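What follows is a short report on a single structure.
Every read-out reported here was derived from the displayed coordinates using simple, explicitly stated rules and does not represent laboratory data. The structure presented is a predicted model; accordingly, all values stated were derived computationally and were not measured. All Cβ positions, even for glycine, are placed from backbone atoms using ideal geometry, and neighbour counts span all protein chains on display.
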Amino acid sequence: LNWIRLPIPFWAIEKYPDEPFLEKVAWKYALKAFKWARKYGLRVNLDLHTIPGSQNGYNHSGKGGAGGQVNFLHGPMGLANAQRTLDYIRIITEFISQPEYAPVVPMFGFINEALAATIGVEQITSFYVQVHDMIREITGRGQGKGPFLSIHDSFRGLAAWKDLMPGHDRVALDVHPYLIFVNVDRTSLNSQIQKPCRSWAADMNSSWTDFGVSMAGEFSLAINDCGLWINGVGAGTRWEGTFNGQGDGVAGSCAEWNDWQSWTQDRKDDFRAFALRNFDALGHWFFWTWKIVRGIRPLATGQMDLQV
């Protein structure tokens, strides 16, 4: 373990009176994480995971669940929420660029998984450029002047961004290659093992050539969406055909995938091979996630997967 990606919500800084969030508490824990990272020689990729108004309508953006309204650069208060986001990005940048924090937090992902299909490609691209320029006005340009900036591909794929900001200063392109939030794949685990090298490696290598620093800011070993509340509280799963009343039929029971203590050695070996192929294909990556309550999402818990 050498890096961690640390997600924080915008309400770590402040909230408005009508927003149902716990104000500023997350920032106290972020400061503890910085302290622990310094102690153990880790580096932090600080990730602004939620945006005022929601950048994608998903539950991790502060909305109730998938399909929520996007009010960032879009819809009611979209521009006001974007300006508010710029203020928070500025505050975070100024803080982590201080001499005592800059060596510990050398990367900043300033917006997680913005949904370009709803916001608009032109709008989110302009925002990325504006943030880049604002941050570099604060930090200056060149090595050692402020954090590396991580920009998510906004679900467009790496190749779509190859011409973004020619001459940019220390920007990394981030993609989140999951197998679980799409249509159910009923093929064998052995077949799934081949996907990283067949589907992701070439794109990642091309992005390094065409854009520059490219990485997987999130991925996991999950080949289905089994696991407690992985789609949201009470939302069900695609694998069992219960996801919000949708799905294309029942692929199987989640019990065998969640009961990690009963996995055969062959299954463990297959997942180990799957992990190694992910590592090779992606090159530079952050596993989502390192540690949660033991056993509730066995294929998305990096620490436990290493132990199993």
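Given charges of +1 on the Cβ of Lys and Arg and -1 on the Cβ of Asp and Glu, with all other atoms neutral, how large is the dipole of segment 154-308 about its Cα centre, in debye to the nearest 20? Intermediate values should be presented prior to the final figure.
On the way: 14 positive and 17 negative charges, 30 e Å.
Charge dipole of segment 154-308: 140 debye, to the nearest 20.
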Query raised in the report: When all alpha-carbon pairs of the chain are counted, what percent fall beyond 33 Å?
Result: 25 percent
Requested in this report: With unit charges on the beta carbon (Lys/Arg positive, Asp/Glu negative), name the residue among Phe219, Ile4, Phe274 whose Cα is farthest towards the positive pole of the charge dipole of the chain.
Outcome: Ile4
Report summary line: Note to self: C-alpha centroids of segment 112-132 and segment 16-86 sit apart, in Å, by 16 Å
Report summary line: With +1 on the Cβ of every Lys and Arg and -1 on the Cβ of every Asp and Glu, the dipole magnitude of segment 3-175 about its Cα centre, in debye rounded to the nearest 20, is 660 debye
Query raised in the report: Which of the cysteines in the chain are isolated, no other cysteine C-beta under 4.7 Å?
Result: Cys197
Query - Cβ charges +1 (Lys, Arg) and -1 (Asp, Glu), total dipole of the chain, debye - result: 840 debye
Query raised in the report: Rounded, prolate or oblate: which fits segment 3-175 when a ≥ b ≥ c are the square roots of the eigenvalues of the alpha-carbon gyration tensor, with rounded for a/c under 1.5 and prolate only if a/b beats b/c?
Result: oblate
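Report the relative contact order of segment 1-97, percent, no decimals, based on alpha-carbon pairs under 8 angstrom and at least 6 residues apart.
Working: 128 pairs, mean separation 22.9, N = 97.
Computed value for segment 1-97: 24 percent relative contact order.
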Query raised in the report: Under a point spin-label approximation (7 Å from Cα along Cα-to-Cβ), what is the Thr289-Trp3 distance to one decimal in nm?
Result: 2.0 nm
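Percent relative contact order of the chain, based on C-alpha pairs within less than 8 angstrom and at least six residues apart? It would help to have the intermediate numbers written out before the result.
Details: 512 pairs, mean separation 39.8, N = 308.
Relative contact order for the chain comes out at 13 percent.
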Query raised in the report: Does anyone have the angle between helix 25-40 and the longest principal axis of the chain? Alpha-carbon axes, 0 to 90°, nearest 10?
Result: 80 degrees
Query raised in the report: If you take the charge dipole of the chain about its Cα centre, with +1 on Lys and Arg Cβ and -1 on Asp and Glu Cβ, which of Gly41, Gly232, Pro166 is farthest toward its positive end?
Result: Gly41
**Report entry** Residue-averaged 222 nm ellipticity for the chain, from DSSP H runs of 4+ at -39500 (n - 2.57), nearest 500
**Finding:** -10000 deg cm²/dmol
